[in-house]
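Single-structure report; data block below.
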Amino acid sequence: MAILPEFKKHYGRQNFFINGEWVEPKSNEIMENVNPATGEVISEFAGAIQEEAQAAVKAANEAFKTWKEVPVRDRARYLFDMRAKFEEHFDMLCSVLVQDHGRTIGEARGSVRRVIENIESACSAIYELRRDNEHMEQVARGIDQYLHWEPLGPFLIVTPGNIPMHAWSSFVPYALAAGCTVVVSPSRQDPVAAEFICRVAQEVGFPPGVINLVHGGRKVNKEILQQPEIKGVGFIGSNRAGWDLFKLCGELGKTSSINGNGKNHLVIMPDADIDEAVKLLLRSCFGMAGQRCLGVDNVVVLGDIYDELKVKFKDAAANMKMGYGLDESNALGPMATLAGKDKVIQWIEQSLLEGAKMVLDGRNPKVEGYPNGFFLGPTILENVHVDMAMAKEEAFGPVASLIKGESLDQVIEWINTKTNLGHSACILTQSGNNARKFVREVNVGNVGVNLGVPQPYAFFPLGSKRDSFVGTAKSRRASMRLFMDEKTVCTRWV
């Protein structure tokens, strides 16, 4: 298969996008951004200082005053045009995402396709929200009443390192559809991807200040959120950073959508097709090098199929080809950062000390041609107990923990009580009764039946629960409720 070309070898010094212009950072503290597959520096960037963060907020606030008055059909045209731009630059965005994040080209294509689907969903949401407005005449003698939705104002949007483009699209198109403006603060892990999604969006010709981009991390995020003009935050990332912002929103009286860590399960019932289960496990456990929000960590097996499943799963995982994601023959790319790789190795080694046993060891892979890449091979552990840290907390790497279960009731109890995280859970079964019981009783926000990754399409929210989500409204389609507020109008003309 073809090895695709890089869009650029080096992207130079990255700038901020403020009030419709690319602005050179003022800070002298320059950070290097590395291609995870090659270990080579592909760009340099700096964090925003207070003055630059405030300038981005000011630009978003000034733009909001006119953007909110743009007629609904005209805002829809902007979004339709933005969809066309993302289709036009589809291959370029995929290439940049592979080079900056480390995923395979197939995974990048799926991610950029999700971006386009979110833009489509935001287009339709513009009209549907207006249609849902409630109106009632003669609620009292001579009095009519109706419900009006109006945009809140500028928002901070914080995107994570694992899905920089997909997360952007989970909030930004909806904010623009609602009549809000944004200041985007991306993860430091993949700033090139953040820049290019901004560049493509801006080709549409949005008025200056509608979309702004600054780099900087937690300190800059707090600085932006503390500005009185910012009405709230849309966030996808770690629980630690997200809860800090959630607490700050509470102190400041601001709205939020905080989407954090997960600890996801896939339950394999005795009646499941083992060969199909193995195919699903490769994608759900090791796709995106295990750095997927809804990817599977705990593989819970019931019945006497455990040994056969383990052997087939090990053999299939061991044959996954690793390498640079622009090589279309590769099934697994590197971790996004060296620090992330080291952290996952620590998780593995701690689990072994606690009694887990190694089925497949991916800690020291040899990837021909890429000796400096952040590669971590598929790793499978067994003898993992549900009270181990590895079974309860997110490792965020290509590690699968095999766990034996005795009954579906027991497994549901584990999922609901052994971890406080509630992103997703899946079941593989031919029994409608078992599937229905699982769907109704498992306390997570995204449930899958006979699939490995229960990824909601753009017109459904990312329905996470418990400590995996806090806030006013969930992401994607549901974020229209984040960016808008209700106003009830009462009139008397007779």
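With respect to the chain, whose longest principal axis is taken over its alpha-carbon atoms, helix 239-252 is tilted by about 20°. Listed values for the range 467-477 are Karplus-derived 3J(HN,Hα) couplings in whole Hz (6.51 cos²θ - 1.76 cosθ + 1.60, θ = phi - 60°), namely 6, 7, 8, 9, x, 7, 8, 7, 7, 6, 4, and x replaces Gly and Pro. For the chain, the longest principal axis of the C-alpha atoms and the axis of helix 338-353 are separated by about 40°.
The largest-to-smallest principal axis extents of the Cα set in the range 1-111 are 50, 39, 16 Å.
Relative to the dominant Cα principal axis of the chain, helix 50-67 is inclined by about 60°.
What translational diffusion coefficient, to the nearest whole µm²/s, does the range 265-449 have by Stokes-Einstein, given a Kirkwood radius computed over alpha-carbon pairs, a temperature of 10 °C and 1.306 mPa s viscosity? Once the numbers are plugged in, D ends up at 96 µm²/s. Stretching residue 21 away from residue 447 to a fully extended chain increases their span by 149.1 nm, per 0.36 nm per residue minus the current alpha-carbon distance. Per residue, the chain reaches -12500 deg cm²/dmol at 222 nm when only DSSP H runs of four or more residues are counted, each adding -39500 (n - 2.57).
Which is the longest run of the chain containing none of the chymotrypsin sites (Phe, Trp or Tyr not before Pro) found in DSSP loop states (not H, G, I, E, B) with at most 12 other C-beta atoms within 10 Å?
The longest such stretch corresponds to 1-456.
A simple spin-label model places the labels of residue 420 and residue 346 2.0 nm from each other, with each point 7 Å out along Cα-to-Cβ.
How do 390, 335 line up, fewest other C-beta atoms within 10 Å first?
390, 335
Shown for 198, 94: other C-beta atoms within 10 Å of each C-beta, ranked fewest to most, produce the order 198, 94. Given R₀ = 56 Å, FRET efficiency for residue 41-residue 410 by Cβ-Cβ distance, to 0.05? Calculated transfer efficiency: 0.65. Here r is the Cβ-Cβ distance between residue 274 and residue 368 and R0 is 35 Å; the resulting FRET efficiency, rounded to 0.05, is 0.65.
If you model the chain as an ellipsoid using its alpha carbon gyration tensor, with each semi-axis the square root of five times an eigenvalue, the axes come out at 39, 29, 19 Å, biggest first. Counting neighbouring Cβ atoms within 10 Å and putting the fewest first, the residues 249, 123 line up as 123, 249.
Considering only alpha-carbon pairs that sit under 8 angstrom and 6 or more positions apart, the relative contact order computed for the range 265-449 is 27 percent. Across the chain, the relative contact order, built from alpha-carbon pairs under 8 Å that are at least six residues apart, equals 20 percent.
Bear in mind that the values in this text are calculations on the coordinates, not laboratory data. None of these values were measured; they are calculated from a predicted model. Using ideal geometry, Cβ is built from the backbone for each residue, glycine included, and neighbour counts are taken over all protein chains shown.
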